[in-house]
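The values are calculated or read from the model by the stated rules, or taken from the named source; none is laboratory data. Please read all numbers here as calculations on a predicted model, not as lab measurements. Please note: Cβ atoms are built from the backbone with ideal geometry, for glycine as well, and neighbour counts cover all protein chains shown.
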Amino acid sequence: MVSRTLMASMVVVLIVVGSATVFLIGRQTVGPSTTSSSTKSASTDTVRPGFAKGFVFPPVANNATVIDDFFSKASQGASVVEWAGDWEGLGGSSPSEVARLVTQHGQRLMVVVQFFSQADGHLFRPLNSSNVQHYLSVSASFASEYKPAYFGIGVEVNILYEKNQSAFGEFLSVYSQAYDAVKAASPETSVFTTFQLEKMEGMSGGLYGGTNDPNKTEWQLLSDFPKDDVLAFTTYPSLVFHSPSDLPVDYYGAISQHSNKTIGFTEVGWHTGPAPGGWNGSESSQSEFVSLFLHQARTANAAFGVWSFLYDPAVQVPFNTMGLFAGNGTQKSGWPAWEAG
């Protein structure tokens, strides 16, 4: 959920990046402008050969040098580039420029738009007929012109359900209309909304500041979005797990217990620096998680996995150390693990 320069604002962790906002340390969202472990081996699992790795286009990519470096690295470790920002801004120059850059560099485009603050569930603007028509219009126009491979509508909408159920109810109708508008303009585009996985699992402990409660899962919300082409999630397990080894071996594969749809991940991250309460990360734990995530995502037949930050961003702890490269460009050990996966 950070204001991006070449894009409209987004959720830091990105609008996009968007994980739920209230940790012990707090998490900023950008405004407008318990599963049980298992010992089953995954060695015989069927793997989707078309799994696509991706990166979110960085907030500070505002000059040719940074842009060239980003796409040079993306060409080595990804085939998808994600733009994320305020839904209203989709009609502006920033997402169009990113779309052109993605095409120019031979990548596939993912667009993810947001319309509320994860911090408190406040809508960026009311979902009245005028604003909804604008959302539909810019979505259809963008989809028609740029034919994105993926189009996400709403970031971590289960957080909206938690904080503003009235707005969530309004969004259901808007989403259905937006889905139809995008598909009419670009039938091959996969359209979806996104959910925060750890919160779907009833996890509010760790850096969220609460407790994990398996009786408070939110999987019932999937049925509210029957049109989803993909079940898409954000996932930041280092907020609730101390170590990658604490994750169940079927942490991502277990999603299939709730739906037979293809899954994907629009935001993925693990921090490498210090965090409140001794919830510290490290390069080695990030590297271990990268390998674990890529293996589990592939064996779960996920369509895509997008790492939220290629470079450490200037945002709140712990997201400020989730990059695969430090802010000064120094490579972390998570990068070769990402490339190898």
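Looking at Glu339, Glu283, just one residue is over 20 Å from the mean Cα position of the chain (by Cα) and among the acidic types (Asp, Glu), and that residue is Glu283. Scanning the range 225-240 for residues that are of a type in the set (A, V, I, L, M, F, W, C) and closer than 15 Å to Ser256 by Cβ returns Val230, Leu231, Ala232, Phe233.
Taking into account only those residues within the range 73-121 that are closer than 30 Å to Ser166 by Cβ and aliphatic (A, V, I, L, M), which is surrounded by the most Cβ atoms within 10 Å (Cβ to Cβ)?
Ala84
In the range 65-90, the residues that are more than 30 Å from Val132 (Cβ to Cβ) and of a type in the set (Lys, Arg) form Cβ pairs under 9 Å with partners that are modelled with pLDDT of 95 or more and outside any strand (DSSP E or B), at six or more places apart or across chains, as follows: Lys73/Leu310; Lys73/Leu324; Lys73/Trp335.
Restricting attention to the range 233-272, the residues that are among the basic types (Lys, Arg) and over 19 Å from the mean Cα position of the chain (by Cα) add up to 0. Answer with yes or no whether Val66 is among the hydrophobic types (A, V, I, L, M, F, W, C), at pLDDT below 90 and out of contact with any Lys or Arg (no Cβ under 7 Å at 6 or more places or on another chain). Yes.
Residues in the range 286-309 that are touching a helix residue (DSSP H, G or I) at 6+ places or on another chain (Cβ under 6 Å) and within 17 Å of Gln331 (Cβ to Cβ): Gln286, Ser287, Glu288, Phe289, Val290, Ser291.
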